[in-house]
1. For K77, are the conditions met, namely being at negative phi and under 14 Å from the mean Cα position of the chain (by Cα)?
2. Select from region 122-151 the residues that are touching a residue at least 60 places away in the same chain (Cβ under 8 Å) and closer than 28 Å to T63 by Cβ and write down the one among them that is least open to solvent (accessible area, probe 1.4 Å).
3. Is it fair to say L53 is under 21 Å from I23 (Cα atoms) and among the hydrophobic types (A, V, I, L, M, F, W, C)?
4. Scan I105, I119 and give me the residue that is open to solvent by less than 50 Å² (accessible area, probe 1.4 Å), among the β-branched types (V, I, T) and touching a helix residue (DSSP H, G or I) at 6+ places or on another chain (Cβ under 8 Å).
5. Check P78, P98 and return the single one that is within 22 Å of L133 (Cβ to Cβ), open to solvent by 80 Å² or more (accessible area, probe 1.4 Å), in contact (Cβ under 8 Å) with a residue 24 or more places away in the chain and out of contact with any strand residue (DSSP E or B) (no Cβ under 6 Å at 6 or more places or on another chain).
6. Quickly run through region 19-39 and pick out the residues that are open to solvent by 70 Å² or more (accessible area, probe 1.4 Å) and modelled with pLDDT under 85.
7. Please state which one of G59, G50 is open to solvent by less than 90 Å² (accessible area, probe 1.4 Å) and closer than 28 Å to A145 by Cβ.
8. Restricting the search to region 80-130, which residues are within 20 Å of C66 (Cα to Cα) and within 13 Å of the chain's Cα centre (by Cα)?
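The values are calculated or read from the model by the stated rules, or taken from the named source; none is laboratory data. Being a predicted model, the structure only gives us computed values, none of them experimental. Using ideal geometry, Cβ is built from the backbone for each residue, glycine included, and neighbour counts are taken over all protein chains shown. To get the accessible areas, we keep the full protein, side chains included, count just its heavy atoms, and leave off ligands, DNA and RNA. Shrake-Rupley method; radii C 1.70, N 1.55, O 1.52, S 1.80 Å.
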Amino acid sequence: MLLISGSDVSFLKNEIRNKNYSIISRELKERIQETIDNNKQVILLLNRRGYSLNLECLGCGNTFLCEKCNIPMHYHKPSNKLVCHYCGRSIEKPTLCPKCHSKYIRYLGSGSQKLEEEISNLIKGAKPIRLDLDSTSKKGALEEALNDFKE
């Protein structure tokens, strides 16, 4: 079993020094690949919905907050929207910063959608199933995902 704490800063700095900018460490990638190659399953837990936890303007540092709740809005890639996970408000992903009009906006943090994408791109033979409020909100979606996992 491999357990990596998000607070292990030296471990994360080492990954960046080795030019690994993925949210999946090299060791974790190797362990996942080895497990899949042995026809076993892997469960990864990430308690963050969406693709990215927030957007930030590189020009002025503006972060995109919900106008109602005043908290960061999460980017959801499939809908290309920023969503407030408290009130449900959503807006189109901006192409320009509303404060300084810079087009240089970066993604901050990683959510379950990004983890699913990374696993698909990095691990041969992986068939990720994402279980979160977004992927299981349609009727029968949770049961279908659990059956896929069971099979």
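1. Numbers: at negative phi: yes; under 14 Å from the mean Cα position of the chain (by Cα): yes.
For K77, the condition - at negative phi and under 14 Å from the mean Cα position of the chain (by Cα) - is met.
2. Narrowing region 122-151 to residues touching a residue at least 60 places away in the same chain (Cβ under 8 Å): 122-126, 132-134, 149.
Filter again for closer than 28 Å to T63 by Cβ, leaving 132-134.
Details: D132: 20, L133: 109, D134: 54 Å².
Per the criteria, the residue is D132.
3. Details: under 21 Å from I23 (Cα atoms): yes; among the hydrophobic types (A, V, I, L, M, F, W, C): yes.
Spelling it out, L53 is indeed under 21 Å from I23 (Cα atoms) and among the hydrophobic types (A, V, I, L, M, F, W, C).
4. On the way: I105 fails: touching a helix residue (DSSP H, G or I) at 6+ places or on another chain (Cβ under 8 Å).
From the options I105, I119, the qualifying one is I119.
5. None of the others qualify; the one that does is P78.
6. Across region 19-39, the qualifying residue is only Y21.
7. Values: G59 fails: closer than 28 Å to A145 by Cβ.
Result: G50 is the single residue among G59, G50 that is open to solvent by less than 90 Å² (accessible area, probe 1.4 Å) and closer than 28 Å to A145 by Cβ.
8. Y107, L108, G109, S110, G111 - these are the residues of region 80-130 that are within 20 Å of C66 (Cα to Cα) and within 13 Å of the chain's Cα centre (by Cα).
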